[in-house]
Amino acid sequence: MGYAMGSPFQPFGSLSPYSNSLASLVAPPSPVLSLLGSPTTPALRWVHVRARFRTFVNNLAITPGQLDDGTTKQAGVRACLNRHYYGTSSETNNSVLIGSWGKATRVRPSRDVDLLFLLPTAVFHQYEARSGNRQSALLQEVKSVLAGTYSQTDIRGDGQVVVIPFNQTPIEVSPGFLCTDGSILVCNTNEGGRYILSTAVAEEANLSASDSYCIGNTRALARMMKQWQRENNVPLKSFQLERLAVEFLATWHSNQRDHFWYDWMVRDFFAYLIGRANTYIYMPGTNEAVWLGSEWLSRAQTAWRRAVKACAYEEENFEQLAGEEWQAVFGSAVPTKCS
């Protein structure tokens, strides 16, 4: 089932996103006091939302120490591979950060740093002349190159990447080749081995375009959903949540509003996500269809119910109660007290 503005939002009732005009930010005056002619001061609603979600998003940022560790580790890996394959110690050339570090959607603490390293064309032709699982053999070569520098680390090849399991911030290297048309081939050692087109660069460009149009809301939503995924062991991959955030915000009515609307953004995203069970997402660059399944559906339904309650509490300024509902969804990264 696709995203339809009517269907997923019907359960909200009085909480419908279309009822939140600016006039509804204050409570109506008491009819009794109005009859008496007494002046009233309207009570503000949703007074804690902006502060709560600003703090929440800030709490998801990795620490300076984590940033320094990840930056140092990935730079060292790039320099190691450049020395072997290109005769230079560059910490940036022939490579690009991908995954959450490349797309700026990482969540504290970062699980790993993903790196795409472009090998010389000559290496491609060298392995094409071989028989057997060429991609597996290529990953083993890259593993051996890295092992020469990181001899104390148990480096392993894993499907499409070489994993360097550093203690704090593991690095995953995806060896690839730049084609003459600008596309990038990466290794897949499964099922006898083959090359597949990388979507990494197109994913980042597409997400950045959405985030720019939506004034930073795309990355914020993706990061919040990654926190939900991590907190509740949700069987959805990070790139799937990122794609869903882009698709949802493309048609959400308040996609260019600030943190004041984040409670509704989260609630409405969960409603949208529920409607995407057993459908596909399509990857930028290749239009590859990726099946979403429904193993995660019950967790999304629970999160949506919690979010509906939290939104109702936010409207009435029940700070603690709203915070407790949000924490049931996102964990302690979202505060219960905002003042």
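Bear in mind that the values in this text are calculations on the coordinates, not laboratory data. All figures in this text were calculated on a predicted structure; none of them were measured in a lab. We place every Cβ from the backbone using ideal geometry, glycine too, and count neighbours over all the protein chains shown.
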Next item on the list: Go through 261-270, 73-82, 330-339 and give me the packing order, highest mean Cβ count within 10 Å leading.
Entry: 261-270, 73-82, 330-339
Item checked: Descending Cα extents along the principal axes, the chain, whole Å -> 91, 41, 31
Check: What percent antiparallel are the DSSP beta bridges of the chain, to the nearest 5?
Finding: 80
Checklist line | the chain, relative contact order in percent, only Cα pairs under 8 angstrom and at least six apart counted | finding: 20
Checklist line | Theoretical gain in end-to-end length, Thr279 to Ala75 [0.36 nm per residue, Cα-Cα removed] | finding: 69.6 nm
Notebook entry, point to check: What net charge is computed for the residues neighbouring Asn59, neighbours being all others with C-beta under 12 Å from the C-beta of Asn59, Lys and Arg scored +1, Asp and Glu -1?
Noted result: +4
Check: Using 0.36 nm per residue, how much length does the chain from Ser136 to Gln168 gain when fully extended, once their Cα-Cα distance is taken away?
Finding: 8.8 nm
Check: In nm, to one decimal, how far is the Thr153 label point from the Arg50 one, both placed 7 Å along Cα→Cβ?
Finding: 4.4
Notebook entry, point to check: Where Lys and Arg each count +1 and Asp and Glu each count -1, what net charge lies around Tyr282 among other residues with Cβ under 11 Å from its Cβ?
Noted result: -1
Checklist line | Full-extension gain in nm, Leu67 to Ala250, via 0.36 nm per residue minus C-alpha separation | finding: 62.8 nm
Notebook entry, point to check: Which part of segment 314-339 falls in the paramagnetic zone of Arg108, meaning amide N under 17 Å from the point 7 Å along Cα-to-beta-carbon?
Noted result: 327, 330-338
